[in-house]
Amino acid sequence: MRRESTRAILSPTVGKRLGFNNLWSALPDNFSALRHRDFRLFWFGALLSFFGTWIQNVGQGWLVFELTKSESLLGLLTLFSAGPMMVLTPLGGWLADRFDKKVILTITQSALALTALTLALAVYLGFASFPLIAGLAAISGTAAAIDIPTRHTMISTIVPKEDLANAVPLNAATFNLARLAGPAVGGFLLERYGAATCYFVNGVSFLALIIAIQLIRVNSFPNSEMSGKMIENLKEGFRYVLDRPDFRLLASMVFCTAFFGMFYLALLPALAKEKFGLGGNGLGMLMASTGVGAVAGLLLLASLSRLPARGLLLATAMGGVGLGAMGLSLSSHPWQAMVSLAVLGAGGSMFLSGANATYQALSPPEIRGRVISLHVWAVAAAHPLGSVLFGWISERMSLEVAFAIGGSAVVGMSLAVYLFAPTIRQLTV
């Protein structure tokens with residue numbers, strides 16, 4: 001009897017009577033992807049999970065800087081976390097093209113939860129150290145290398161093609177909406193209860209996406225059977241990207257932007273503590289500023305999803321990343337840094353999500369997972385390498401010099417695309 005009552009409550013008929021179906025169908029075109037039930041489940045589950053991730057990011061960065069007092073080791077931690085992604089992300093794309101995406105995501109999300117809970121216990125019991133944090137970061141990076149390309153390609157499975165360009169920035173918005181409140185909450189928890197609580201909250205938050213995945217109705221098993229050996233399949237994905245001039249150049253833009261423009265995330269704890277004398281709450285506010293800009297940028301990108309001139313939009317967003325980094329180098333007060341971080345967040349989210357949507361829209365379904373994995377790989381390889389280099393520069397020279405060099409490089413590359421890259425300028429979807 002109880003089971004029948006539950007079915008009645010969850011049935012589409014009851015949802016229709018309560019008006020929820022009409023509510024979602026009445027959404028404007030800027031949010032058209034949210035009209036689809038499975039995407040809504042995935043979206044809200046990811047939002048709650050990323051909320052926990054940002055809480056942990058605040059606690060972990062602060063803890064590592066407290067333990068080591070080194071900007072270089074902050075950058076090195078990023079390398080430990082993203083290092084496995086440099087090697088294994090193409091494997092993640094291959095798995096997404098070959099196996100049930102819901103099963104893959106359940107396994108990877110569970111692994112990520114376990115690493116966070118292990119760190120919570122380590123910090124609580126007092127035996128946390130940089131080698132332990134770095135080792136568990138490498139395990140998390142291994143799980144993320146499989147998880148991220150699978151999550152990206154899951155979007156094209158649960159949303160029809162006509163709403164895909166809208167779904168990609170909305171999906172990316174979960175990460176950045178969580179960045180609005182997550183760092184502030186993380187800063188509060190860090191100062192009030194310590195880093196162990198930040199890790200624990202993140203570990204529990206993964207349950208939201210795990211449950212959402214189980215409730216998704218669509219068949220997430222690949223439609224086409226992929227034959228041949230894994231290495232040959234991976235080579236096929238590489239060849240597809242290399243044979244297309246637009247994809248080749250876009251991949252170069254992604255790599256360069258991540259290398260020269262995204263390292264600021266690793267150095268924020270040093271910026272907050274050493275330059276501005278801020279505590280955990282202040283670090284949380286700086287991180288939240290990037291979320292404000294990122295959400296604004298993604299909402300703008302979603303509203304422009306029908307715009308055919310995708311290449312010009314990408315080049316402009318790339319320039320925004322560089323200008324934000326240059327502004328950060330000139331900031332002498334926390335509020336100036338917050339404005340610069342908002343510009344960085346807006347440009348970065350628009351550029352990376354726009355590139356992602358372009359790859360998905362222009363790639364055939366049977367190879368899409370491997371193409372997206374190369375996009376993720378470009379970011380995963382460039383970001384930690386840039387973090388290590390610019391962490392070293394900031395330690396040997398200054399944070400300001402590091403941000404000035406990186407920002408100038410990205411602005412220069414953006415101008416070069418405008419002037420000398422008609423392949424990108426004329427790119428449409």
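The values are calculated or read from the model by the stated rules, or taken from the named source; none is laboratory data. Bear in mind that the values here come from a model prediction, so they are computed numbers and not experimental data. Backbone-built Cβ (ideal geometry, glycine too); neighbour counts: all protein chains shown.
Of a type in the set (A, V, I, L, M), modelled with pLDDT of 80 or more and touching a Lys or Arg at 6+ places or on another chain (Cβ under 7 Å) - does that describe any residue in the stretch 293-304?
Taking the stretch 293-304 and keeping what is of a type in the set (A, V, I, L, M), we get 294-296, 298-302, 304.
With the extra rule that they be modelled with pLDDT of 80 or more, the set shrinks to 294-296, 298-301.
Within this subset, residues satisfying the condition of being touching a Lys or Arg at 6+ places or on another chain (Cβ under 7 Å) are 294.
Within the stretch 293-304, one or more residues are of a type in the set (A, V, I, L, M), modelled with pLDDT of 80 or more and touching a Lys or Arg at 6+ places or on another chain (Cβ under 7 Å).
Could you please give the count of residues in the stretch 140-159 that are touching a Pro at 6+ places or on another chain (Cβ under 6 Å) and among the hydroxyl-bearing types (Ser, Thr, Tyr)? Outline the logic, then answer.
Of all residues in the stretch 140-159, those touching a Pro at 6+ places or on another chain (Cβ under 6 Å) come to 141-142, 145.
With among the hydroxyl-bearing types (Ser, Thr, Tyr) added as a condition, the list becomes 142.
Residues meeting the conditions: 1.
Scan the stretch 392-428 residue by residue and report those that are surrounded by 19 or more Cβ atoms within 10 Å (Cβ to Cβ), at pLDDT below 85 and not β-branched (Val, Ile, Thr).
Those that are surrounded by 19 or more Cβ atoms within 10 Å (Cβ to Cβ), at pLDDT below 85 and not β-branched (Val, Ile, Thr): Ala421, Leu427.
Select from the stretch 313-327 the residues that are at pLDDT below 90 and more than 19 Å from the chain's Cα centre (by Cα) and list them in ascending order.
Those that are at pLDDT below 90 and more than 19 Å from the chain's Cα centre (by Cα): Leu313, Ala315, Thr316.
With (1) within 21 Å of Gly284 (Cβ to Cβ); (2) at pLDDT below 80; (3) of a type in the set (Phe, Trp, Tyr) as the list, and Phe31 as the residue in question, which single condition is left unmet?
Condition not satisfied by Phe31: (1).
So for the stretch 345-352 (the condition being touching a Pro at 6+ places or on another chain (Cβ under 9 Å) and among the small types (Gly, Ala, Ser)), does at least one residue qualify?
yes
Out of all the residues in the stretch 119-137, which are surrounded by fewer than 16 Cβ atoms within 10 Å (Cβ to Cβ) and in a helix (DSSP H, G or I)? Reasoning before the result, please.
Step one: filter the stretch 119-137 for residues surrounded by fewer than 16 Cβ atoms within 10 Å (Cβ to Cβ), giving 121, 124-127, 129, 131-132, 135.
Leu121, Tyr124, Leu125, Pro131, Leu132, Gly135, listed by residue number.
Right, Val339: out of contact with any helix residue (DSSP H, G or I) (no Cβ under 6 Å at 6 or more places or on another chain) and at pLDDT 90 or above or not? Quick ask: steps written out before the conclusion?
On the way: out of contact with any helix residue (DSSP H, G or I) (no Cβ under 6 Å at 6 or more places or on another chain): yes; at pLDDT 90 or above: yes.
Yes; evaluated as a whole, the condition is true for this residue.
Name the single residue, out of those in the stretch 146-168 being under 17 Å from the mean Cα position of the chain (by Cα) and β-branched (Val, Ile, Thr), that is farthest from Arg35 (Cα to Cα).
Ile146
State yes or no: is Gly141 assigned to a helix (DSSP H, G or I), in contact (Cβ under 8 Å) with a residue 24 or more places away in the chain, crowded, with 24+ Cβ neighbours inside 10 Å and within 17 Å of the chain's Cα centre (by Cα)? Talk me through it step by step, then tell me what you get.
On the way: assigned to a helix (DSSP H, G or I): yes; in contact (Cβ under 8 Å) with a residue 24 or more places away in the chain: yes; crowded, with 24+ Cβ neighbours inside 10 Å: yes; within 17 Å of the chain's Cα centre (by Cα): yes.
So Gly141 passes the test.
Among the residues that make up the stretch 411-419, is at least one of them free of Cβ contacts under 8 Å to residues at least 40 places away in the same chain and either farther than 29 Å from Leu91 by Cβ or among the aliphatic types (A, V, I, L, M) (or both)?
The initial filter retains those residues of the stretch 411-419 that are free of Cβ contacts under 8 Å to residues at least 40 places away in the same chain, namely 416, 419.
Then drop every residue that is not either farther than 29 Å from Leu91 by Cβ or among the aliphatic types (A, V, I, L, M) (or both), which leaves 416, 419.
Yes, the stretch 411-419 contains at least one residue that is free of Cβ contacts under 8 Å to residues at least 40 places away in the same chain and either farther than 29 Å from Leu91 by Cβ or among the aliphatic types (A, V, I, L, M) (or both).
So which of Asn219, Asn202 is modelled with pLDDT of 90 or more, of a type in the set (S, T, N, Q) and surrounded by 11 or more Cβ atoms within 10 Å (Cβ to Cβ)?
Working: Asn219 fails: modelled with pLDDT of 90 or more.
Asn202 is the lone residue from the list that is modelled with pLDDT of 90 or more, of a type in the set (S, T, N, Q) and surrounded by 11 or more Cβ atoms within 10 Å (Cβ to Cβ).
May I ask you to say which residue of Thr290, Thr316 is closer than 23 Å to Ala82 by Cβ and polar (S, T, N, Q)? Please lay out each step first, then the result.
Working: Thr316 fails: closer than 23 Å to Ala82 by Cβ.
Only one candidate qualifies: Thr290.
In the stretch 230-267, which residue that is assigned to a loop (DSSP other than H, G, I, E, B) and within 17 Å of the chain's Cα centre (by Cα) is surrounded by the fewest Cβ atoms within 10 Å (Cβ to Cβ)?
Taking the stretch 230-267 first, the residues assigned to a loop (DSSP other than H, G, I, E, B) are 243-244, 262-263.
Applying the additional criterion that residues be within 17 Å of the chain's Cα centre (by Cα) yields 262-263.
Numbers: Met262: 24, Phe263: 28.
Among those residues, the one meeting the criterion is Met262.
Name every residue in the stretch 402-416 that is among the hydroxyl-bearing types (Ser, Thr, Tyr) and farther than 10 Å from Gly261 by Cα, in order of residue number. Step through it out loud before you land on a result.
Residues of the stretch 402-416 that are among the hydroxyl-bearing types (Ser, Thr, Tyr), as a first pass: 408, 414.
Answer for the stretch 402-416, where residues must be among the hydroxyl-bearing types (Ser, Thr, Tyr) and farther than 10 Å from Gly261 by Cα: just Ser414.
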